[in-house]
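Beneath this line is the structure, given in C-alpha cells, with notes to follow.
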Amino acid sequence: EAQVTQNPRYLITVTGKKLTVTCSQNMNHEYMSWYRQDPGLGLRQIYYSMNVEVTDKGDVPEGYKVSRKEKRNFPLILESPSPNQTSLYFCASSPYRGLYNEQFFGPGTRLTVL
Amino acid sequence: SQQGEEDPQALSIQEGENATMNCSYKTSINNLQWYRQNSGRGLVHLILIRSNEREKHSGRLRVTLDTSKKSSSLLITASRAADTASYFCATAPNTGNQFYFGTGTSLTVIP
C-alpha cells in the first residue's frame, strides 16, 4: 500500500532532550516536507527536500534539523526541544516537481515538550 | 508570511445543504490545492486547480479560481455527515519550492 509513515505517533518529552521523528514513504517520491500544525495557524512548512541531499528551509525552521540521505526517508530532528515546539507534526511527499502535484500526508506525530 | 486565509473559520450546515468555503492568498501561483483533514488525522488531497484554469469539478466538489482577486472557493454539494472535517487550501507559488497552507475552515454537517 502506498503510504507515508511517521514514528512515533505520540511523544511526550522534556526540554532539551534530543529527539528524532522518522518519516518514510514507499512511493519513490522526490519531494518530501515537514509541517507543524497549531490551532488557528493552519499548517506551516518547516523544511522541505527536493531530492536526496537537497534540503531547504520553510517558514519556521528554527530549532529543527532535517537530513535526506535516502530518497524514502526524511527524519526531523529536534536537537534541544522547547515547549514552544509542542505541536502536531506532519510529513508529506510528492512526485517529481512536487509543487505541481498533490501531497501525500503521514498520519501525524503529536509532540508535547514539558 | 505568505500564508493564505480561509473564510469562514467555521461553518455548520444541515445534511443535504451545500457548503461553500473561500480561500485568499497573497502571491502569484502555479496551482492551488484543497485538502481535507478529519479530526487529528493526516490531510487528504481533494482537488488541484492550475493557474490557467477557472473551474474544476470532482464528484460533489466544485472549485473555482480567480487569479485576479487571488482567491478560490470550494463548494461541496449535497453535503453528508461524513463531510464533517476541516478543509484547507494550499498554494504553490510561481517562484520558490514551498507550499503555503491556509488557516482552514471547520465544517460541521448535522445529520
- prompt: For the stretch B:65-75, in order, what is each residue's ³J(HN,Hα) by Karplus, 6.51 cos²θ - 1.76 cosθ + 1.60 with θ = phi - 60°, in whole Hz (x at glycine and Pro)?
  reply: 9, 10, 6, 5, 9, 6, 8, 9, 10, 10, 10
- prompt: Once both labels are modelled 7 Å past Cα along the beta-carbon direction, what's the residue A:52-residue B:60 spacing in nm?
  reply: 4.4 nm
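Averaged over A:49-56, how many beta carbons belonging to a partner chain fall within 10 Å of each residue's beta carbon?
Working: counts 1, 1, 0, 0, 0, 1, 0, 3.
Other-chain Cβ atoms within 10 Å of each residue's Cβ, averaged: 1.
Let a ≥ b ≥ c be the square roots of the eigenvalues of the Cα gyration tensor of chain A; is it rounded (a/c under 1.5), or, if not, prolate (a/b larger than b/c) or oblate?
Numbers: a/c = 1.68, a/b = 1.65, b/c = 1.02.
Since a/c reaches 1.5 and a/b is larger than b/c, the shape of chain A is classed as prolate.
Under the classification rounded if a/c is under 1.5, otherwise prolate if a/b is larger than b/c and oblate if not, where does the protein assembly as shown fall, given a ≥ b ≥ c as square roots of the Cα gyration tensor eigenvalues?
On the way: a/c = 1.86, a/b = 1.45, b/c = 1.28.
Since a/c reaches 1.5 and a/b is larger than b/c, the shape of the protein assembly as shown is classed as prolate.
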- prompt: Relative contact order of chain B: what whole-number percent is it, with Cα pairs under 8 angstrom and at least 6 residues apart?
  reply: 38 percent
- prompt: What net charge is computed for the residues neighbouring residue B:88, neighbours being all others with C-beta under 10 Å from the C-beta of residue B:88, Lys and Arg scored +1, Asp and Glu -1?
  reply: 0
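Excluding the sites themselves, what is the longest stretch of chain B that contains no trypsin sites (Lys or Arg not before Pro) in a DSSP loop with at most 16 other C-beta atoms within 10 Å? Each step should come with its number before you reach the end.
Values: sites that count: B:26, B:41, B:54, B:60, B:69, B:80.
Looking at chain B, B:81-111 is the longest stretch - no exposed trypsin sites (Lys or Arg not before Pro) with at most 16 other Cβ atoms within 10 Å.
Using only atoms on other chains, find how many Cβ atoms lie within 10 Å of each Cβ of peptide B:39-47 and report the average. Provide the component values of the computation, followed by the final result.
Details: counts 0, 5, 5, 12, 10, 4, 7, 1, 1.
The shielding value for this peptide is 5.
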query: Do you know the Lys pair count in the protein assembly as shown for C-alpha distances under 13 Å, with sequence separation 8 or more or different chains?
result: 4
- prompt: Based on the alpha-carbon gyration tensor of chain B and its eigenvalue square roots a ≥ b ≥ c, which shape applies: rounded if a/c is under 1.5, prolate if not and a/b is larger than b/c, or oblate?
  reply: prolate
statement: With the charge dipole of the stretch A:1-108 built from beta-carbon charges (+1 for Lys and Arg, -1 for Asp and Glu) about the Cα centre, the Cα from A:33, A:93, A:6 projecting farthest to the positive end belongs to A:6
task: With label points built 7 Å along Cα→Cβ from the Cα atoms of residue A:15 and residue A:73, find their separation and express it in nm.
output: 3.2 nm
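Per residue of A:37-43, what is the mean number of Cβ atoms on other protein chains within 10 angstrom of that residue's Cβ?
Numbers: counts 7, 0, 2, 3, 5, 13, 12.
Partner Cβ neighbours, averaged per residue: 6.
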For chain A: relative contact order, % (alpha-carbon pairs under 8 angstrom, 6 or more apart): 36 percent
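Net charge around residue B:43, counting only other residues with Cβ within less than 12 Å of its Cβ (Lys, Arg = +1; Asp, Glu = -1)?
On the way: positive: B:36, B:41; negative: A:102.
It works out to a net charge of +1.
None of the figures in this text is laboratory data; all of them are computed from the coordinates on show. Note that the coordinates shown come from a computational prediction; the quantities given were computed from them, not determined experimentally. Glycine gets a Cβ as well: all are built from the backbone with ideal geometry, and neighbour counts include every protein chain shown.
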